[in-house]
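The next block holds one structure in the form of structure tokens; read it before the comments.
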Amino acid sequence: MTTTMCITDEFSVAAAPVEVFAFMVDPENLAKWQTIKTSVTPLTDGPPRRGYRVREESRIGPRRWEQVVEFTEFQPGRVFAVRVVDGPRSGGRWRLEPDGAGTRAHFDAWFEAPRLLAPVQKPLIRRQFRGFHRNLRAQLGRAT
């Protein structure tokens, strides 16, 4: 039996929303900020957009898995959302807004997990994404 977990995060980046967005949606950059990714392969030709898919290979310790992820929402410089279409059921959405000379980002995600493991997995996944967002700020060279 599974349950759905939801997590949120907010963070600031000292770069314009259009720059943050472009960095985040580029498949070549994904492993730079989501450091569990060992490989990201585009499955759709052309630039990222709604409906664009990538195959991600991930690793945490000895555990490895792959999944296919699709952009389900795509508004350049403003918002994008993804969902796993082949792999563990999950999805996430990042909304970006101007904040002075930088960006304020709002993140919401959901994950399905076995009901008995959910209380343990939720704080671990929340911590993991907060780390990913710190990596993102470091990659853009301006942490706030």
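Any read-out appearing in this document is the output of simple, stated calculations on the displayed coordinates, not a laboratory observation. Here the structure is a predicted model, which means the values were calculated and not measured. Using ideal geometry, Cβ is built from the backbone for each residue, glycine included, and neighbour counts are taken over all protein chains shown.
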Calculated from DSSP H runs of 4 or more alone, at -39500 (n - 2.57) each and per residue, what is the 222 nm mean residue ellipticity of the chain, nearest 500?
-7500 deg cm²/dmol
For a label point 7 Å along the Cα-to-beta-carbon line of residue 41, residues of the range 64-104 with backbone N under 12 Å
66-68
How far apart, in nm, are the 7 Å Cα→Cβ label points at residue 68 and residue 89?
1.8 nm
Kindly provide the trypsin sites (Lys or Arg not before Pro) of the range 44-144 that DSSP labels as loop, not H, G, I, E or B, and whose Cβ sees at most 15 other Cβ atoms within 10 Å.
49, 50, 78, 89, 115, 142
Each residue of the range 13-21 in turn: what ³J(HN,Hα) in whole Hz from Karplus with 6.51, -1.76, 1.60 and θ = phi - 60°, glycine and Pro shown as x?
10, 7, 8, 5, x, 5, 6, 4, 4
Going residue by residue through the range 59-75, the Karplus relation 6.51 cos²θ - 1.76 cosθ + 1.60 with θ = phi - 60° gives ³J(HN,Hα) values, rounded to whole Hz and with x marking Gly or Pro, of 8, 10, x, x, 7, 10, 7, 10, 8, 10, 10, 10, 6, 9, 8, 7, 10
Relative contact order (percent) for the chain, with alpha-carbon contacts under 8 angstrom and 6 or more residues of separation?
33 percent
Could you work out how far helix 118-139 tilts from the main Cα principal axis of the chain, as a 0 to 90 degree angle to the nearest 10?
30 degrees
Calculated SAXS-style log₁₀ I(q)/I(0) at q = 0.11, 0.16 Å⁻¹ - the range 6-123, Debye, Cα scatterers
-0.38, -0.82
